[in-house]
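Encoded as structure tokens, the structure appears first; notes follow it.
The values are calculated or read from the model by the stated rules, or taken from the named source; none is laboratory data. Owing to the predicted nature of the structure, the values given are computational and were not obtained by experimental measurement. Please note: Cβ atoms are built from the backbone with ideal geometry, for glycine as well, and neighbour counts cover all protein chains shown. Just so you know, the surface numbers come from the protein's heavy atoms only, side chains and all, with ligands and any DNA or RNA stripped out. Shrake-Rupley method; radii C 1.70, N 1.55, O 1.52, S 1.80 Å.
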Amino acid sequence: MQPVQSSQVIKAIRRIVRAIDLRSREVSRTTGLTIPQIIVLQGVRDLGEVTTKALSENADLSSATVVTILDKLEEKGLVERYRSVSDRRIVHAKLTAKGRETASGLPGLLHEEFEKKFAGLENDERRQLVDAIEQ
């Protein structure tokens, strides 16, 4: 077996980045939302009435980025923000009716072929793949 070359790693990462870019454009065309907007929207859906800090941690994005994304989602009528009654410094976000409807019909963020192959792996194999990518 030949040793793995660093050029092979770069080529593999480049293919991943290209696939993500193509999927991102496709999802954006069909939904009118970017991948980061979808991730934040799904975070609001999954976490309920939530703070920017919690969304930031959930989406692995900076708080400033999440605020900008929430601005866009609010402009589209998908989320609404309000100040906490117990501490006016804290701002919560929640889905609107339109946001719930949109969130329920979102496409997968990864290509269907990848999703199918990934789902076909054993749980340990999926964990190893995620660990290797995170590393």
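Couple of notes before you dig in:
- Linear extension gain, ASP87 paired with THR30, 0.36 nm per residue minus alpha-carbon span: 16.6 nm
- Carbon and sulfur %, accessible surface of the stretch 9-124 computed with the full protein complex present, 1.4 Å: 53
- Within straight-line cross-link reach of LYS117, lysines at Cα separation under 25 Å, skipping those fewer than 8 residues along the same chain: LYS11
- Extension reserve of the ALA119-ILE13 stretch, reckoned as 0.36 nm per residue once the Cα distance is removed: 36.1 nm
- Surrounding net charge for ILE20, when Lys and Arg each add one and Asp and Glu each subtract one, Cβ distance under 12 Å: +3
- The chain - charge dipole about Cα centre, Lys and Arg +1 at Cβ, Asp and Glu -1, debye rounded to 20: 420
- Value in Å of the Kirkwood radius, where the stretch 58-119 supplies the Cα pairs that are averaged: 13.8
- Among ARG88, ARG23, ARG100, the residue with the largest mean-square fluctuation in a Gaussian network model of the chain, with springs joining Cα atoms closer than 10 Å, is ARG88.
- Two-decimal ratio, the stretch 88-135, of alpha-carbon radius of gyration to 2.2 N^0.38 Å: 1.78
- A Stokes-Einstein calculation at 20 °C with viscosity 1.002 mPa s, built on the Kirkwood radius of the chain over Cα pairs, returns a diffusion coefficient of 126 µm²/s.
- For VAL79, the residues whose modelled amide H falls within less than 5 Å of its own, excluding neighbours fewer than 5 places apart on the same chain, are GLU74, THR96.
- Relative contact order, percent, the chain [alpha-carbon distance under 8 Å, six or more residues apart]: 22
- Helix 63-75 axis, angle to the chain major axis (alpha carbon atoms, nearest 10°): 60
- Extension gain for the segment THR68 to VAL4, taken as residue separation times 0.36 nm less the Cα-Cα distance, is 18.9 nm to one decimal.
- Solvent exposure of the stretch 17-62 amounts to 57 Å² per residue of accessible area, where only protein heavy atoms count and the probe is 1.4 Å.
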